[in-house]
């Protein structure tokens, strides 16, 4: 089963939509990096924004200050989230566990 070919207008609309989604994800990552947004706020996502839902949890964690590939992988393993999981694919228990884990890490490193 093949997909029907897109018209030029449909292709242009898809490019525009993809570009907007990339801008939203980049904005989220930069706000996480500066601390003006928390992971809890992102994963709760009451608006149900599709662009945020498609963001990989690994990339979300790597946007945090002092979190790279290794630390993000450790966090996800400790919480029990697959590295391929996207924000929209997180269950309620995974969301809660991730937020609690990050809050513990933050309060534990504040005394250092």
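Quick note: the coordinates plus some simple rules give every number you see, no bench work behind them. Here the structure is a predicted model, which is why all the values come from computation and not from measurement. With ideal geometry, Cβ positions are generated from the backbone for all residues, glycine too; neighbour counts draw on all protein chains shown.
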Options (1) 1.05; (2) 1.00; (3) 1.25 for Cα Rg over 2.2 N^0.38 Å; the value derived from the coordinates is listed as (3)
In degrees, nearest 10, the alpha-carbon axis of helix 8-34 is tilted away from the dominant principal axis of the alpha carbons of the chain by 10
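Given a cut-off of under 8 Å on Cα pairs at least six residues apart, what relative contact order in percent is computed for the chain?
Values: 79 pairs, mean separation 25.5, N = 112.
RCO, the chain: 23 percent.
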Summing -39500 (n - 2.57) over every DSSP H run of at least 4 in the chain, dividing by its residue total and rounding to the nearest 500, the 222 nm mean residue ellipticity is -20500 deg cm²/dmol
Taking Cα atoms only, helix 92-110 is inclined relative to the longest principal axis of the chain by an angle, in degrees rounded to 10, of 50
Label model pair residue 26, residue 41: point-to-point distance (7 angstrom along the Cα→beta-carbon line) in nm is 2.0
For residue 69 and residue 16, extending 7 Å from Cα along the Cα-Cβ vector and measuring point to point gives, in nm, a value of 3.7
